[in-house]
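Dropping the structure in here first, questions after.
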Amino acid sequence: MIRSEILYEIAPILSDHLVISNIGLPSQELHLIDDQPTNFYMLGTMGLASSIGLGLSLVQEKKVIAIDGDGAVLSNLGTLPTIANNVANNFILIIIDNGSYGSTGDQPTYAGKKTSLAAIAKACGCENVIECSAEQTSETLKGALASNRMTIIVAKCESGNVKVPVITMDTVAIRDRFMNAVKT
Amino acid sequence: MSVNTRFLDDFIANDVSFITSVPCKQLAGVIEEIETREEIYHIPCNKEDEGIGLCAGAFLGGKRSAIIMQNTAIGVSINALVTLTQFYRMPLPMLISYRGELGEPVACQVEMAIHTKALLDRLLIPTYHFHKEEDIEEFDAILKHTFMCNKPVAILTDASFWKGN
Ligand SMILES: [Mg+2]
């Protein structure tokens, strides 16, 4: 399974919750599969989906799911200690780990080599870290939502992309629509 | 009243309830003061661009946020400021320790100080320079301005301003 297949599978689960999605193909794929006012698409800024998701989770009670990539988390590793030490039980971070920088042409990341993001998250102090296969992602996400505990999911999948259009929606429209969805 | 107390009083009077910080010697007192205020959730971050992400998240959740940082970090923050804070039109007060000005004992700090205002200017970030203690009188108005215009706004606080605090 590749990232877009995981997104297709989890889209029905995501639609009930606030979602922050990582720059590039993850946002574009999610936008194509199931555009929702509850989706915040990052059109810029590598690596900050988990930080935005944590900030959002800490100030309001709705459940927040940040969809990140292995390359993005590697670029903002400082996020994991901050998450570990500021527990928000309405926050779930899914790292779709395809071992590559998918949006830039599938160059390998260290997460596909010796480095384990799940082990890093645990070492940073994150208490509920689950590494699962791509096929298990949907069940794992459901379990994490039901647990009402902050959870980091590392979903291991194959690298590879499908052709998707860029998002042409304006950023202010994305964030205005999202902020209204947070309030209602 | 110390300037540290005043900064926090003004943040709270302007409904700022979420502050992230990376420490600086000059900012030690203000960071200590945050911890005494129940109205504010203080979340130390490991790098300033991460902090800008945290603040963006809090803003999306309907809360006013702010970052406290050193001017040496403007370089690592530029992409986040431009492609997140500015691109999505989000307000962000940045209370910045302006190292490398008169009274600076560390030569290296001057290397970044000479770029600080040029970078902020280039980024079209409204910038206020606190040099004398009474400059803090403008802080409340600066916060109101920031939340009115939905922009990142920089408050540079130099060693002369912090003298005695
Ligand atoms: Mg990847």
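The values are calculated or read from the model by the stated rules, or taken from the named source; none is laboratory data. Here the structure is a predicted model, which means the values were calculated and not measured. Counting neighbours? That spans all protein chains shown, and the Cβs are built from the backbone with ideal geometry, glycine included.
Six or more apart or on different chains, Cβ atoms under 8 Å: show the pairs whose first residue is in the range A:146-165 and at positive phi and whose second is part of a loop (DSSP other than H, G, I, E, B).
A:N148/A:N89; A:N148/A:N90; A:G160/A:N98; A:G160/A:D106
Turning to a different aspect of this structure: Taking A:E61 and the conditions (1) among the acidic types (D, E); (2) within 12 Å of another protein chain (Cβ to nearest Cβ); (3) within 16 Å of the ligand (Cβ to nearest atom), which numbered condition does it fall short on, given that it satisfies the others?
For A:E61, the exception is condition (3).
For the range A:29-51, which residues satisfy the criterion of being of a type in the set (A, V, I, L, M) and touching a residue at least 40 places away in the same chain (Cβ under 8 Å)?
A:L32, A:L43
I'm checking my understanding of the structure. Among residues of the range A:92-116 that are in contact with a strand residue (DSSP E or B) (Cβ under 7 Å, 6 or more places away or on another chain) and among the charged types (D, E, K, R), which one is farthest from the ligand (Cβ to nearest atom)?
A:D106
For the range B:109-165, name all the residues that are among the acidic types (D, E), more than 13 Å from B:N71 (Cβ to Cβ) and in contact (Cβ under 8 Å) with a residue 40 or more places away in the chain.
Of everything in the range B:109-165, those that are among the acidic types (D, E), more than 13 Å from B:N71 (Cβ to Cβ) and in contact (Cβ under 8 Å) with a residue 40 or more places away in the chain turn out to be B:E133, B:D140.
Please go through the range A:1-57 and pick out each residue that is of a type in the set (D, E, K, R) and either part of a helix (DSSP H, G or I) or within 14 Å of chain B (Cβ to nearest Cβ) (or both).
If the condition is that a residue be of a type in the set (D, E, K, R) and either part of a helix (DSSP H, G or I) or within 14 Å of chain B (Cβ to nearest Cβ) (or both), then A:R3, A:E5, A:E9, A:E29, A:D34 are the ones that fit.
Answer yes if at least one residue in the range A:133-147 is surrounded by 19 or more Cβ atoms within 10 Å (Cβ to Cβ), away from the ligand (no atom under 16 Å from the Cβ) and closer than 19 Å to A:A49 by Cα, and no otherwise.
Yes, the range A:133-147 has at least one match.
Considering only the range A:153-167, state which residues are more than 14 Å from chain B (Cβ to nearest Cβ), more than 16 Å from the ligand (Cβ to nearest atom) and either modelled with pLDDT of 95 or more or farther than 26 Å from A:G112 by Cα (or both).
Selection gives A:P165, A:V166.
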